[in-house]
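Asker: Structure provided below as structure tokens; questions to follow.
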Amino acid sequence: MKSIHGSKTINVSRPLGELEKEVMIVLWEIGKATGKEVWRGIKTTRKVALTTVLTVIDRLSRKGLISKSKEDGFLVYRPFITKEDYTKQVAGKMLKDYMDLSSASLIASFVDTLEEMEPDQIDKLSRYIEKKRKEGPR
């Protein structure tokens with residue numbers, strides 16, 4: 001998994017909780033921030049205490065999703081993984097878990113959702129599937 005800073009590999013096993021996701025969204029949008037800046041970004045849409053946000057930031061840091069460093073006397077946080085890489089890894093894990101349960105049901109459900117997609121998204125997906133078909137199994 002690509003990281004933004006350094007070569008750390010992150011193993012994401014499940015989706016983030018709501019507040020964890022909001023913290024990551026703020027960091028993905030601005031790149032780096034103090035805990036107070038993250039809190040300010042979140043409190044525009046949700047009433048939450050600064051201490052709660054700092055606890056979530058600490059948890060995300062222990063999970064290896066964000067890094068922290070000291071700059072000008074303040075702790076500054078940065079995402080270790082891009083939003084795209086995080087999304088891809090979590091979606092892949094969820095897809096594999098569901099495929100293990102019932103691949104036929106999952107594929108049928110996926111095909112049904114294609115009706116809701118824009119034609120250009122379906123074309124892009126079709127090209128990707130064709131590319132993977134030509135590459136063969138890994």
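Asker: Only one of Leu50, Leu65 is in contact with a Pro (Cβ under 9 Å, 6 or more places away or on another chain) and either over 30 Å from Ile129 (Cβ atoms) or not basic (Lys, Arg) (or both). Can you tell me which? Full working, then the answer.
Answerer: Working: Leu50 fails: in contact with a Pro (Cβ under 9 Å, 6 or more places away or on another chain).
It is Leu65.
Asker: For the range 21-46, what are the residues that are surrounded by 14 or more Cβ atoms within 10 Å (Cβ to Cβ) and either in contact (Cβ under 8 Å) with a residue 60 or more places away in the chain or in a loop (DSSP other than H, G, I, E, B) (or both)?
Answerer: If the condition is that a residue be surrounded by 14 or more Cβ atoms within 10 Å (Cβ to Cβ) and either in contact (Cβ under 8 Å) with a residue 60 or more places away in the chain or in a loop (DSSP other than H, G, I, E, B) (or both), then Met24, Lys32 are the ones that fit.
Asker: Which of the helices (runs of 4 or more DSSP H) contained wholly in the range 47-138 include at least 3 residues that are surrounded by 13 or more Cβ atoms within 10 Å (Cβ to Cβ), free of Cβ contacts under 8 Å to residues at least 12 places away in the same chain and not acidic (Asp, Glu)? Quick ask: steps written out before the conclusion?
Answerer: On the way: elements: 50-62, 83-113, 119-135.
Those helices (runs of 4 or more DSSP H) span 83-113.
Asker: Among the residues of the range 49-82 satisfying the criterion of being under 20 Å from the mean Cα position of the chain (by Cα) and basic (Lys, Arg), which is nearest to Trp28 (Cα to Cα)?
Answerer: Arg78
Asker: Hey, among the residues in the range 83-109 that are under 19 Å from the mean Cα position of the chain (by Cα) and aliphatic (A, V, I, L, M), which one's farthest from Lys32 (Cα to Cα)?
Answerer: Leu95
Any read-out appearing in this document is the output of simple, stated calculations on the displayed coordinates, not a laboratory observation. Computed from a prediction, not measured in an experiment: that's the story for all the values here. Counting neighbours? That spans all protein chains shown, and the Cβs are built from the backbone with ideal geometry, glycine included.
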